[in-house]
Amino acid sequence: MLFAGLVFGQSGDSTLQFEAADIHPAPAAAPGTNPQNMRGGLYRGGHYEIRSATMRDLVRAAYNVDADNVTGGPVWIDKDRFDLTAQAPGASTPEKVRVMLRNLLAQRFGLAVHNDTKPFPAYAITPGKKVRMKQSTGLDTPPGCELIPPSESPQGGPVTGIPMSGIANPAAPGALIAYQCHNVSIAELPDQLRNMTLATRALNGAPVVDRTGLKGGWDFNIKYSGLPQDRTDTSPEAVTIFAAFEKQLGLKLERIKVPMPVIAIDSVNENPAGDPAGVNAKLAVLPLKFEVAEIRPSDPNPPEGSSGGDCFYCPGGRLHISRFTMSDLIATAWNLNGNYDSRVIGLPKSLEKTNWDVIARVSTMTPVNPVIGQPPAQQVDFDSVRIMLQALLEDRFKLALHEETRQLNGYALVAVRPKLTPAGPDNRPGCKEGPGPDGKDPRTTNPLARRLLTCLNITVAEFVAELPNRAGDYFRQYPGKVVDATGLKGKYDFMVNFSPLGMVMNSEATDPGYAIPLPEALEKQLGLRLEPRKNPAMVLVVDHVEEKPVEN
């Protein structure tokens, strides 16, 4: 389990090269990126692309590792972003594309790496006071763990178990995830645990090792709750996976560190070299247009129960948008989050009275590095789809617009009584959802505070830039977002634990735990305050638009 899915090594076959490749800094206002794209890029018919990728993203894509398994390198590898488009020989496999990417990074950026090991947080299974499992006879019993499906008691009692989707039954606030295991050795338990619903999330993705010394196969049942953000209930008595191990199995999950293989960056240049072979001119960039698209006025009397945006990005590369106004379409195409009424300027009021349906199809692409344990399902590059929607609006409505910067409602983060810890220099810079290296998770005692943001080795200015992306519900109505007015310098390590805005608005005094609004969390936990302020923000000014689209 420790090394599952990790592929290390140097470039390998240096003869494996893209036929053509273009790599350049991504636009400053690059739209949000698709997580599948960032895992390793998307590939179709010899065409490979990855957008708005940091150097760490590019290295982890080339070596098929997690970001935490890329170490070393200068600070900019987590900040500078690049767009890469390349053409590989048509018969190339994803594995060969990864080697081509390694060779390209070495040529254009002078990237040099080596294999190394680094201590990583992990969990050890250790014996408790009394083993509560039953030794298996092993007779006629295939080893393994099976999910106990949801079942409702005849008396209408609580439901046990949840579906494989990992989403708790909304009608069953006390639902637990239940598994029945037969003839499983403790040495095999980490692999079984990895496939149990939400167990990996509960352990924050950390690997698990057996240190019990127990031999043979065992029979046991285990029931546990998902993380607070995965549950529909708010009961603080929910069973954590740690409590389930100790009370139900007589085992413990103890935090340790284990050596893990990593890709260590020895040297890398910040600016990519040019294309000495002059082959970029040959690059067959796929046209960013829908294969087929229809745009029409929406049915003024839609069927009862239907809703807008029925299937935004459908399986198989189909796009279906229902009952969107023109401002909705523009905001979607140009990725304007939040209150975009003040960010789309100059649309005729008469045009906003009509709703539109868009039905289109786009070619799908295969992730070069599919998610471990899942088939390499076809994906749509969301950023490309937005560009295609822009082209469709420009073509059918003769839409022309330009960008301006204006002062819009937002916030400033100011220092009150800062409670920030100076950063540990060895921590990888950035923010992530979940606990820090010590594994402590305050959400286990306050299920209403479902968000936990851990930031390591970052400046307050970097945190402020990250905040609207991490807590977008709080800033959705404020296009001016938030600026740093703390005056704090240096880098810090900190956590902030808060509740989603919807939970804050819907919580009652009788609810267990306590819903923590983001502004309160920032002030009480970090000594920083959000204050209303107008900030510069980009707006789209419509220069021309036809009220009726040209024929499909």
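Quick rundown of the values:
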item	result
The range 428-552 - accessible surface per residue (Å², probe 1.4 Å)	47
Value of relative contact order over the range 407-457, rounded to a whole percent, pairs C-alpha under 8 Å and six or more apart	43
Overall form of the range 411-474 per C-alpha gyration tensor (a/c, 1.5; a/b vs b/c)	oblate
Mean Cβ neighbour count within 10 Å, used as a protection proxy, ranking 420-428, 258-266 highest first	258-266, 420-428
Packing-based order for 388-396, 91-99, using average beta carbon neighbours within 10 Å, highest first	388-396, 91-99
Whole-Hz ³J(HN,Hα) from phi, Karplus 6.51 cos²θ - 1.76 cosθ + 1.60, for the range 533-550, glycine and proline x	6, 7, 10, x, 8, 7, 10, 10, 9, 7, 8, 7, 7, 7, 7, 10, x, 5
Surface accessible to a 1.4 Å probe, per residue, for the residues of the range 47-127, Å²	32
Rounded percent of accessible protein surface that carbon and sulfur make up, the range 443-513, 1.4 Å probe	53
Highest to lowest packing among 208-217, 451-460, scored as the average C-beta count within 10 Å	451-460, 208-217
Neighbourhood charge, 13 Å Cβ-Cβ cut-off, centred on Glu95 and excluding it, Lys, Arg +1 and Asp, Glu -1	+2
Solvent accessible area, Å² - Trp334, 1.4 Å probe, full protein context	40
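The values are calculated or read from the model by the stated rules, or taken from the named source; none is laboratory data. Because the structure is a prediction, the values reported are computed rather than measured. Note that we place each Cβ from the backbone using ideal geometry, even for glycine, and neighbour counts take in every protein chain shown. Remember, those area values only see protein heavy atoms, side chains included, never the ligands or the DNA or RNA. Shrake-Rupley method; radii C 1.70, N 1.55, O 1.52, S 1.80 Å.
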